[in-house]
Each structure stands twice: as C-alpha cells, then as structure tokens.
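Have a look at the structure below, then the notes.
The values are calculated or read from the model by the stated rules, or taken from the named source; none is laboratory data. Here the structure is a predicted model, which is why all the values come from computation and not from measurement. Here the Cβ is made from the backbone with ideal geometry for all residues, glycine too, and neighbour counts use every protein chain on show.
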Amino acid sequence: MSPVIDVHTHMLNNEWLKLLEKHGRPRYTLKSVGGGLRVIHLDGAPFITPVPEMFDWDLRIKNMNRVGIDVSVVSLTCPNAYWGGEAVSLKAAQVMNDEMARVRKSWPDRIQWFCSLPWQYEKAALAELKRCLKAGACGVMVLANIGGRSLTDPAFAKIWKAIDDAKLPVLIHPTAPPGVAEMEMQQFQLVASIGFTTNTTLAVARMIYDGFFDRFQKLKIIASHGGDTLPYLIGRMDRCYEHIPACRTKTQENPASTRAASTPTRSCLPMRRWRWR
C-alpha cells in the first residue's frame, strides 16, 4: 500500500510571529477575535488564525498517527515572508526554513518540508533556495500573489527558472487577495471562504493563459484547496480560449489540455504540469 502523504499542512513558530507583529505593520496586525484566539489581519480583514497546534511538533506527530498520515510535507502559511524590507523578509523565511530542516532531522520518516523564499528580492530568494535544498527541502511554497504581484510577473522569472531546473514541486497557497478593504472582506471573515478561493484560481488561470507551463516544463504545481474553483471553471476558460483572441496571445494550448487528473486529497503523486489538491 502506498504511504499517505499530506502535502498541504502548516507549522509556525513564535520567532516568525514576533517578526510579523513587529515589522508587518501597518497592513498586517494581530487582533483577538471571538473565542479568544488572535488572528492575523490584512488591512483590517482577518484571514489566518495561528492555532496552538501549529506550534507543537510532538502534537503534530500525534495527530498524524491518529488520522493515519504517514508523512506530512509542512510549509509556512500566509502571509509567509512577503512583508518588511529585504532583511526582514529573508529573516522571516529563514527562521521557519531552519526550524523545518531541524525537525525533519528529528523525524526523517515522518516530516518533509517546502521552503519559503523572499520572492520580492531575487538575489536573496535564489540564495535561500539553494541553501534550503542543501538543508533537505523537497519543494517550494509560494503564495498566490506576492505583495499583490502576479506569480507570472517577469520579476520572478529567474526564481521560477531555478525551481524548474531543480524539477521541484511547488505548492501554491492562497493569501488575502488585493483589495480586501475595498471589497469589505473583513465582514463575515470573507477572506477565508471567498478571498482564498479567488486568489488561487486567478493565480493558476494566469499561469495557463500566460504560457507559464510552456516556459517551465519540469517543475510541478500543486494548486491548494482542491484547485479552488478551477475544476468548475476550466470549461469556461476553454470556451474563452476558443472565442476570445486575448486568451491565445501567449499560449498555443487550450486550458483543459494543460491539466492532469485530480489528485486525491491526502496523497502526493507524480504530476505532469499542475494539479489541484
């Protein structure tokens, strides 16, 4: 029987949280909500709750045993390291990458990890990627927008090339989409239910139409949360490709042909180009 591998699960530490609280302002703040937990807010909209289980590795292993997960591929969730200046962003990535590398040595048969990078700073990101691969990272974690910039932005091309050259899997995880304040997403905590699904969908749709999968054919993309709305919209994207010339300016392949079969929720299987999970 194949092992059960969870490729989408998160851990935090107090050092990262303190960095965010100190350097993330004014856009990122931590505020208490109903129930007594402190939640990370972006522009006043709550979107990530650092629950106690995210800080306890022994409990992580215990819960894996309880639900039948053989291996967890852990990663840092949003807002990742995309805040503060270059030194702060790099430090935020490193404190989590170092902890995950250390924990993998303690549980080499149970824990793997996706590294985080300061994507806004190309040279630092490339150096951190190289360092993390030497430390045992098995892939990369990236948010669906980097400080409001699309993943297909030319500023990130050299980072994607390095990831592609290394033939790495990349977990695309949503974050609060640009415009949360204007869309009043603080009401009903709409970032988690609607903002996240929109963010991942838009990120991967841009990749498809932009010819990303033509340029980078060796990396593997994992679209989190079941690919969000992509499984439901892929047919509409195909029709737009056929009838709207703007959709065909950068790729000669219709959207449906770039996708592989859906991956079961708790497994990590070989992928061709991208998968929803």
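Restricted to the range 1-40, and to residues that are surrounded by 14 or more Cβ atoms within 10 Å (Cβ to Cβ) and basic (Lys, Arg), which residue is farthest from Arg60 (Cα to Cα)?
Arg27
Here are some residues: Ala45, Ala92, Ala101, Ala125. Which one is closer than 16 Å to Asn14 by Cβ, out of contact with any strand residue (DSSP E or B) (no Cβ under 6 Å at 6 or more places or on another chain) and either of a type in the set (Gly, Ala, Ser) or modelled with pLDDT of 95 or more (or both)?
Result: Ala92 is the single residue among Ala45, Ala92, Ala101, Ala125 that is closer than 16 Å to Asn14 by Cβ, out of contact with any strand residue (DSSP E or B) (no Cβ under 6 Å at 6 or more places or on another chain) and either of a type in the set (Gly, Ala, Ser) or modelled with pLDDT of 95 or more (or both).
Just to verify a result, which residue in the range 92-108, among those that are surrounded by 17 or more Cβ atoms within 10 Å (Cβ to Cβ) and not small (Gly, Ala, Ser), is nearest to Leu19 (Cα to Cα)?
So the residue we want is Val95.
Does Gly235 satisfy being loosely packed, with under 14 Cβ neighbours inside 10 Å, small (Gly, Ala, Ser) and in a loop (DSSP other than H, G, I, E, B)?
no
Please specify each residue of the range 40-92 satisfying the condition of being among the β-branched types (Val, Ile, Thr), part of a loop (DSSP other than H, G, I, E, B) and in contact with a Ser or Thr (Cβ under 9 Å, 6 or more places away or on another chain).
Across the range 40-92, the qualifying residues are Ile69, Thr77.
Restricting attention to the range 1-39, report how many residues are within 20 Å of Met141 (Cβ to Cβ) and in a strand (DSSP E or B).
Number satisfying all stated conditions: 7.
Please verify whether Trp83 is in contact with a helix residue (DSSP H, G or I) (Cβ under 7 Å, 6 or more places away or on another chain) and either modelled with pLDDT of 95 or more or acidic (Asp, Glu) (or both), treating the condition exactly as stated.
Taking the combined requirement at face value, the residue does not satisfy it.
Applying the selection to the range 127-147, what residues are more than 14 Å from the chain's Cα centre (by Cα), in a loop (DSSP other than H, G, I, E, B) and farther than 14 Å from Ser116 by Cβ?
Gly136
With (1) within 13 Å of Ser75 (Cα to Cα); (2) in contact with a Ser or Thr (Cβ under 9 Å, 6 or more places away or on another chain) as the list, and Val170 as the residue in question, which single condition is left unmet?
(2)
Taking the range 104-121, which residues are within 20 Å of the chain's Cα centre (by Cα) and either over 14 Å from Ala81 (Cβ atoms) or part of a strand (DSSP E or B) (or both)?
Result: Arg104, Ile111, Gln112, Trp113, Phe114, Cys115.
Based on what the data block shows, is Val95 closer than 25 Å to Thr197 by Cβ and either outside any loop (DSSP other than H, G, I, E, B) or β-branched (Val, Ile, Thr) (or both)?
Spelling it out, it is not the case that Val95 is closer than 25 Å to Thr197 by Cβ and either outside any loop (DSSP other than H, G, I, E, B) or β-branched (Val, Ile, Thr) (or both).
When both residues are 6+ apart or on different chains and their Cβ atoms are under 7 Å apart, which pairs have a first residue that lies in the range 176-201 and is of a type in the set (Phe, Trp, Tyr), and a second that is modelled with pLDDT of 85 or more?
Here the result reads Phe196/Pro174; Phe196/His225, each pair linking the range 176-201 to a residue that is modelled with pLDDT of 85 or more.
Report, by residue number, each residue of the range 194-232 that is touching a helix residue (DSSP H, G or I) at 6+ places or on another chain (Cβ under 8 Å), part of a helix (DSSP H, G or I) and of a type in the set (Gly, Ala, Ser).
Ala205, Gly227
For the condition more than 30 Å from His41 (Cα to Cα), of a type in the set (D, E, K, R) and at pLDDT 80 or above, what is the one hit in Arg236, Arg259, Arg206, Arg272?
Arg236
Restricting to the range 60-77, count the residues that are over 21 Å from the mean Cα position of the chain (by Cα) and either surrounded by 21 or more Cβ atoms within 10 Å (Cβ to Cβ) or small (Gly, Ala, Ser) (or both).
1
What pairs can you find where one residue is in the range 228-250 and over 22 Å from Pro177 (Cα atoms), the other is of a type in the set (Lys, Arg) and surrounded by 15 or more Cβ atoms within 10 Å (Cβ to Cβ), and their Cβ atoms are less than 9 Å apart, with a gap of 6+ or different chains?
Tyr241/Arg248; Glu242/Arg248
I'm trying to understand the selection: among the residues of the range 163-186, which are crowded, with 19+ Cβ neighbours inside 10 Å and assigned to a helix (DSSP H, G or I)?
Matches in the range 163-186: Ile163 only.
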